[in-house]
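For reference, the structure is listed below as structure tokens.
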Amino acid sequence: MTPIRWGVLGAAKFAREHMAPAIHAAEGAQLAALATSDPAKASGFQAFCPDLRLHSSYASLLADPQIDAVYIPLPNHLHVEWTLRALQSGKHVLTEKPIALRADEIDQIIAARDASGLLAAEAFMIVHHPQWQRAKDWIEAGEIGQLRHVDAVFSYNNETDPTNIRNRPETGGGSLRDIGVYTFGSCRFVTGAEPGEVTARIRRDQGVEVFAQVQSVMAGPMGRFTFASMTSMRLVNRQEVTFQGDKGMIRLASAPFNANVHDVAEVELHKPGQRVITDRFPAANQYKLQVEAFGRTLRDGVAYPCPLEFVKGTQAMIDMAYDAATEVML
């Protein structure tokens, strides 16, 4: 097959360690170019892709006729601007989450996508991982009976790094924008449900929300159930999501979000009588799977698993949490 030629806008650490290697390894993809104003930052990318073509500016890469698609790992506040500029330049685009800071900003990206006929997507990689697809299949098959409650936790501690863009309000920092997208989005993906009234308690540090406890009653194909989320950038690393029904429970507790980085990915189905079925996925790379899904949509016209309309729903839930939040001192 003719490979999709990818360019990366910015030499971000996450791009160097995860997404650029995934593009390089993905079937039907070619990592072809990197835009960075600092050539020294390119060396980490060239270590595994020595033929990488370098551009000194983002605009130069977007003007490169040998690039079909771009991946954007820029700070959050730049996502909308450069996603739109990529589409205007005739490039398909995969942008890091959150693709926007408010849900209504995504409307202009959807309009630009539709007008251009190009694919624009948020890099919400977990929907491509088999552990989440297995959880969704179990829910839909009725393995846990009537779903009654979902709780999700995601935390890490970056308190010692004030320069981190996640700790800066001017770059769109905050735990809900950085990791609430996973607690909210994973629940919505597996259940197909949407929130009713949302309540939230948050704590701020230097103007940035660093802790959020969010609750809602969700409604969808699985009926109504309660949802509770806790995210924090000031607590020790923890990741866990449970879907609790009247006849069983699904638990993702080893690495639901950073699969095979935080730990080996596995999903558990708990049944009455202390029976537990555990499926492990030590070889699955969700970033590579995401690139390959993107490519199948471009080549074969199959529906992309995580369209912008879904992304807008998660961002709307984040907006609801911020709008409803009361601040607490902890």
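The values are calculated or read from the model by the stated rules, or taken from the named source; none is laboratory data. This one's a predicted model, so the numbers in the text were calculated from it and none came from an experiment. Every residue, glycine as well, gets a Cβ built from its backbone with ideal geometry; the counts of neighbours run over all protein chains shown.
Observations on the model:
- When residues in the stretch 234-257 are screened for being more than 13 Å from THR183 (Cβ to Cβ) and either in a loop (DSSP other than H, G, I, E, B) or not basic (Lys, Arg) (or both), 13 of them pass.
- Selection of the stretch 76-98 for residues being of a type in the set (A, V, I, L, M) and within 18 Å of CYS306 (Cβ to Cβ) yields VAL80, ALA86, LEU87, VAL93, LEU94.
- Close pairs from the stretch 100-127: first within 24 Å of PHE257 (Cβ to Cβ), partner surrounded by fewer than 19 Cβ atoms within 10 Å (Cβ to Cβ) and charged (D, E, K, R), Cβ under 8 Å, at least 6 apart: ARG102/ASP319; ALA103/ASP319
- Some residue of the stretch 173-192 being more than 21 Å from the chain's Cα centre (by Cα) and either surrounded by fewer than 21 Cβ atoms within 10 Å (Cβ to Cβ) or within 20 Å of PRO75 (Cα to Cα) (or both): no
- Residues that are under 19 Å from the mean Cα position of the chain (by Cα) and surrounded by fewer than 18 Cβ atoms within 10 Å (Cβ to Cβ) within the stretch 10-34 comprise LYS13, PHE14, GLU17, listed in sequence order.
- Candidates are the residues of the stretch 6-47 that are acidic (Asp, Glu) and over 15 Å from ALA123 (Cβ atoms); the one that is modelled with the lowest pLDDT is ASP38.
- Within the stretch 1-30, the set of residues being in contact with a Pro (Cβ under 7 Å, 6 or more places away or on another chain) and assigned to a loop (DSSP other than H, G, I, E, B) comprises GLY10, ALA12, GLY28.
- Exclusive hit being under 22 Å from LEU330 (Cα atoms) and modelled with pLDDT of 95 or more, set GLY192, GLY180: GLY180
- Qualifying residue in the stretch 260-281 (condition: farther than 24 Å from ARG134 by Cβ and in contact with a strand residue (DSSP E or B) (Cβ under 8 Å, 6 or more places away or on another chain)): no
- Restricting attention to the stretch 304-330, the residues that are over 18 Å from the mean Cα position of the chain (by Cα) and in a loop (DSSP other than H, G, I, E, B) add up to 3.
- Long-range neighbours under 6 Å by Cβ, at least six apart or interchain, first residue outside the structural domain of HIS24 (by TED's automatic domain parsing) and within 22 Å of ALA111 (Cβ to Cβ) within the stretch 283-308, second in a loop (DSSP other than H, G, I, E, B) and among the aromatic types (Phe, Trp, Tyr): THR297/TYR304; CYS306/PHE124
- Of the residues ALA228, ALA200, the single one that is of a type in the set (Gly, Ala, Ser), assigned to a strand (DSSP E or B) and under 23 Å from GLU266 (Cα atoms) is ALA228.
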